[in-house]
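**Q** Got a structure for you, questions after.
The values are calculated or read from the model by the stated rules, or taken from the named source; none is laboratory data. Only a predicted model underlies this, so the values are computations on that prediction, with no experimental measurement involved. We place every Cβ from the backbone using ideal geometry, glycine too, and count neighbours over all the protein chains shown. Each accessible area value is taken on the protein alone, full model and side chains, heavy atoms only, with ligands, DNA and RNA left out. Shrake-Rupley method; radii C 1.70, N 1.55, O 1.52, S 1.80 Å.
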Amino acid sequence: MRALIGCLTMLILWVAVPGAQSPAGKSLQIYVVDVEGGNATLFVAPSGQSVLIDTGNAGARDTDRIMAALKDAGLTQIDHLITTHWHGDHFGAMEEIAGRIPIRHFIDHGPTVETQARPVAFLKDTYPTLYAKSKRTVVQPGDTVPITGLDWRIVTSAGKALTSALAGAGAANPACARFTRQADDASDNAQSVGSVVTFGRFRVAHLGDLTWNKEFDLMCPSNRIGTVDLHIVSHHGLDVSNSEVLVHAIQARAAIMNNGVRKGGQPSTMKTLYAAPRLLDVWQMHFSQLSGQEYTVPGVFIANSVDDQPSAMPIEPMAPPPAGSSAPPPPVHSGQAYWFKVSAQADGSFTVTNTRNGFAKTYAVK
Ligand SMILES: [Zn+2]
């Protein structure tokens, strides 16, 4: 009888949560989907409410991969879609996804700071038609996204960072003294909407493609976001992001890098990650040719290969080809793709699963 009452209570709670489309559970589920060096990260709260951060690249490949994750999570709508910034590897498949599943709330940083035709046309002609029947919010640092059971904080947006520390954060950041500025980034990357999400004692940071000098603005002289358990590595693991002031100060126990075959995972980023205090493991979406054998993680931590697998792994990290160079394109990966699945508990423990090989690791209660 007590069990029956428990079930009824859970059922009532589930029905009472507005927007909940997936059966209530006890854990926070996170899917980091392979969109080939773009971003699509899905959060499903214990209430069943969902947040998708970014929609990968345009086209059927990434649309199908994101839809597969939504289906696996049992979702029939996306409660909140955060678009971190207006680059094609982050908003690419939005229109196609919106044509397949209702999106109830669109969140972004406002207009692009760039002049490329595609994002400008998308923002002028397409985006307004997508949010016309739901809701759009342009967020500021310090804003929250309303999700039952989670504390979802926006920590960066439109080039601005939090000016006061989140609860429990604000410690001096010793890495700031060693920080060397890079050239200022005039691209939309620097405008990225960054989130820090707290579920009980579990915390995760996802800062989109936020770049180097903006990391300093957020993290120095004091660390205003505090420490986390899981770090979704910024900007696919590129070395124009991921400075020590961020990567070392947040003291993550696990990092998931949404890199491509030849995008992100450069030696300097890998060294910063490997030297991070308390970081136990880096999980890479792909083997990165820019990591090479020298800097890559063991294959068991890598989720995806390419369609035509090479027989040997290059030892030397490859230098990223300059933009517009005549270097051959990276190997194709249009076949079966695998996501990383994270299941986090309110006590702060969490499990990361590589769905390619079934390898899973649990990070215990601190
Ligand atoms: Zn990107």
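**Q** All but one of (1) over 14 Å from the mean Cα position of the chain (by Cα); (2) of a type outside the set (D, E, K, R); (3) in a helix (DSSP H, G or I) hold for GLY25; which doesn't?
**A** It is condition (3) that GLY25 fails.
**Q** Would you please name the residue that is least open to solvent (accessible area, probe 1.4 Å), looking only at residues in region 179-202 that are more than 23 Å from THR163 (Cβ to Cβ) and assigned to a strand (DSSP E or B)?
**A** By that ranking, first place goes to PHE202.
**Q** Sticking with this one: For TYR127, which of the numbered conditions (1) under 29 Å from ALA98 (Cβ atoms); (2) open to solvent by 60 Å² or more (accessible area, probe 1.4 Å) fails to hold?
**A** Here TYR127 clears every test but (2).
**Q** All but one of (1) of a type in the set (A, V, I, L, M); (2) closer than 30 Å to THR148 by Cα; (3) out of contact with any strand residue (DSSP E or B) (no Cβ under 8 Å at 6 or more places or on another chain) hold for ALA183, so report the exception by its number.
**A** ALA183 satisfies all of (1) of a type in the set (A, V, I, L, M); (2) closer than 30 Å to THR148 by Cα; (3) out of contact with any strand residue (DSSP E or B) (no Cβ under 8 Å at 6 or more places or on another chain) except (2).
**Q** Does SER326 count as open to solvent by 60 Å² or more (accessible area, probe 1.4 Å) and in contact with a helix residue (DSSP H, G or I) (Cβ under 7 Å, 6 or more places away or on another chain)?
**A** no
**Q** Residues of region 303-350 being over 12 Å from ASP34 (Cβ atoms), hydrophobic (A, V, I, L, M, F, W, C) and in a loop (DSSP other than H, G, I, E, B), which ones?
**A** ALA312, MET313, ILE315, MET318, ALA319, ALA323, ALA327, VAL332, ALA346
**Q** Another question, then. Look through region 23-40, keep the residues that are hydrophobic (A, V, I, L, M, F, W, C) and either under 15 Å from MET94 (Cα atoms) or surrounded by 24 or more Cβ atoms within 10 Å (Cβ to Cβ) (or both), and return whichever of them is farthest from the ligand (Cβ to nearest atom).
**A** LEU28
**Q** Please go through region 206-258 and pick out each residue that is of a type in the set (Ser, Thr, Tyr) and either free of Cβ contacts under 8 Å to residues at least 12 places away in the same chain or away from the ligand (no atom under 14 Å from the Cβ) (or both).
**A** Residues satisfying the conditions are SER222, THR227, SER243.
**Q** Inspect region 207-220 for any residue being crowded, with 23+ Cβ neighbours inside 10 Å, of a type in the set (A, V, I, L, M), within 16 Å of the chain's Cα centre (by Cα) and in a strand (DSSP E or B) and give the result as yes or no.
**A** Checked against the condition, which is being crowded, with 23+ Cβ neighbours inside 10 Å, of a type in the set (A, V, I, L, M), within 16 Å of the chain's Cα centre (by Cα) and in a strand (DSSP E or B), region 207-220 yields no hits at all.
**Q** Hey, another quick one. For region 34-47, check the following and say yes or no: at least one residue is modelled with pLDDT under 95 and within 22 Å of THR351 (Cβ to Cβ).
**A** No; the residues of region 34-47 include none that is modelled with pLDDT under 95 and within 22 Å of THR351 (Cβ to Cβ).
**Q** Restricting the search to region 89-117, which residues are within 14 Å of SER187 (Cβ to Cβ) and open to solvent by 30 Å² or more (accessible area, probe 1.4 Å)?
**A** PRO111, VAL113, GLU114, THR115, GLN116
**Q** Looking at region 243-260, which of its residues are more than 19 Å from THR198 (Cβ to Cβ) and either part of a strand (DSSP E or B) or open to solvent by 10 Å² or more (accessible area, probe 1.4 Å) (or both)?
**A** GLU244, HIS248, MET257, GLY260
**Q** Considering only region 41-147, give the strands (runs of 3 or more DSSP E) lying wholly within it that have at least 1 residues that are away from the ligand (no atom under 16 Å from the Cβ) and more than 19 Å from the chain's Cα centre (by Cα).
**A** 136-138
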